């Protein structure tokens with residue numbers, strides 16, 4: 001997962017810099033960046049990653065966020081910056 005972690009962190013940083021979902025997906029496609037399943041990067045794929053609390057080291061159980069045993073890929077602060085409501 002180290003390569004995936006690097007990609008996920010990059011996606012979060014691009015989003016935090018104000019890049020749109022289509023722009024991030026296009027950048028990754030243009031760079032031939034691999035997806036986990038070998039498909040194409042799409043805005044919906046980017047959105048799913050940006051909304052996934054797993055990358056902050058948490059899992060959701062019974063509607064509650066619980067710190068998990070895996071390491072966080074992104075900080076709660078970066079996650080929050082990428083998920084602010086306009």
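Full extension from residue 68 to residue 6: what is 0.36 nm times the residue separation minus their Cα-Cα distance, to one decimal in nm?
Full extension from residue 68 to residue 6 adds 20.4 nm.
Which value at 222 nm does the chain reach when only helices count, each DSSP H run of 4 or more adding -39,500 (n - 2.57), with the total divided by all residues and rounded to the nearest 500 deg cm²/dmol?
So the helix-based figure for the chain works out to -13500 deg cm²/dmol.
Between residue 53 and residue 26, what length comes free when the chain is fully extended (0.36 nm per residue of separation minus the Cα-Cα distance, one decimal in nm)?
Stretched out fully, the residue 53 to residue 26 stretch lengthens by 7.4 nm.
Using 7 Å Cα-to-Cβ label points, what is the residue 60/residue 17 separation (nm, one decimal)?
Between residue 60 and residue 17, the label points sit 2.9 nm apart.
Provide the convex hull volume over Cα atoms per residue for the chain, in Å³.
Convex hull volume per residue, Cα atoms: 106 Å³.
Every number in this text was worked out from the coordinates using simple rules, so none of it is lab data. As the structure is a computational prediction, the values presented were derived from the model and not from experiment. Please note: Cβ atoms are built from the backbone with ideal geometry, for glycine as well, and neighbour counts cover all protein chains shown.
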